[in-house]
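Colleague: Quick one: structure below, then a few questions.
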Amino acid sequence: MRRRLPMALFGLVVWVLAGCSTATGAAPAAPNTPGANQADITFSQQMVPHHQQSIQVANLASERSASEYVKATAAKIIKAESAEVQTMTGWLQSWNAAVLPAAGHAGHSMPGMITAGQVASLQNLTGAEFDKTWLPLMAEHLRNGVTMAKTVLSSGEHAETKALAQEIVENQTAAIDEITAQLP
């Protein structure tokens with residue numbers, strides 16, 4: 001019994017340390033993630049901060065836009081993407097995978113993110129100038145989200161993740177088309 005305790009503690013320490021460090025900086029999948037693979041985990045880990053940034057930029061529209069269309073589009077984005085963040089965060093927690101905050105991407109350097117300079121520019125604009133900048137920027141941001149969703153559709157295994165990714169492709173493609181129609 002005395003020998004088993006140190007070995008058990010050693011095994012526990014190795015297991016904990018392995019869970020805290022990976023080559024990508026992302027937490028590994030939990031030992032028991034039925035139907036989920038690393039592509040599913042990576043998708044949620046990247047899409048959560050991507051959506052959080054969409055929400056941040058959409059909130060700016062409610063304060064700075066002169067366009068009812070922009071304000072309504074921003075409200076739709078906030079509602080849809082807030083719910084999706086909650087869903088993906090729940091999956092990540094159930095998989096014992098890290099939930100990466102948007103602030104964790106210093107300089108907004110994660111692929112598909114709006115740069116810090118672009119956000120700062122939006123924060124300094126109001127009215128029609130804000131709208132002219134916000135519309136193409138949001139369309140591009142949504143396009144990047146569609147690309148991320150298509151990736152997990154081809155490589156993921158988790159049925160719920162794939163269903164959400166398909167919804168993102170459809171809904172954000174429609175939003176991109178609407179936004180593009182509003183551009184001069």
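The values are calculated or read from the model by the stated rules, or taken from the named source; none is laboratory data. Fair warning: this is a prediction, and the values are worked out from it, not measured in the lab. Cβ coordinates were reconstructed from backbone atoms using ideal geometry, including for glycine residues, and neighbour counts include every protein chain displayed. Keep in mind that these areas ignore ligands, DNA and RNA; they rest on the heavy atoms of the full protein, side chains included. Shrake-Rupley method; radii C 1.70, N 1.55, O 1.52, S 1.80 Å.
Colleague: With (1) over 25 Å from GLN38 (Cβ atoms); (2) over 17 Å from the mean Cα position of the chain (by Cα) as the list, and SER82 as the residue in question, which single condition is left unmet?
Modeller: (2)
Colleague: Which one is farthest from PHE130 (Cα to Cα) among residues in the range 43-93 that are hydroxyl-bearing (Ser, Thr, Tyr) and free of Cβ contacts under 8 Å to residues at least 60 places away in the same chain?
Modeller: Applying the filter and picking the extreme gives THR89.
Colleague: Pick from THR151, THR180, THR161: which is open to solvent by 70 Å² or more (accessible area, probe 1.4 Å) and β-branched (Val, Ile, Thr)?
Modeller: None of the others qualify; the one that does is THR151.
Colleague: A further question on this structure: Mind counting the residues in the range 150-161 that are touching a residue at least 12 places away in the same chain (Cβ under 8 Å) and assigned to a helix (DSSP H, G or I)?
Modeller: So the count comes out to 8.
Colleague: State yes or no: is ILE114 farther than 22 Å from ALA159 by Cβ, modelled with pLDDT under 95, surrounded by 15 or more Cβ atoms within 10 Å (Cβ to Cβ) and within 13 Å of the chain's Cα centre (by Cα)?
Modeller: yes
Colleague: Only one of (1) over 16 Å from ASP40 (Cβ atoms); (2) at pLDDT 95 or above fails for SER109. Which number is that?
Modeller: Among (1) over 16 Å from ASP40 (Cβ atoms); (2) at pLDDT 95 or above, SER109 violates only (2).
Colleague: Right, next: Given the residues ALA120, ALA139, which is the only one that is assigned to a helix (DSSP H, G or I) and without any contact (Cβ under 8 Å) to a residue 24 or more places away in the chain?
Modeller: Step by step, each of ALA120, ALA139 is checked, and only ALA120 is assigned to a helix (DSSP H, G or I) and without any contact (Cβ under 8 Å) to a residue 24 or more places away in the chain.
Colleague: Does SER82 fit the bill of being modelled with pLDDT of 95 or more, farther than 26 Å from HIS158 by Cα and surrounded by fewer than 22 Cβ atoms within 10 Å (Cβ to Cβ)?
Modeller: no
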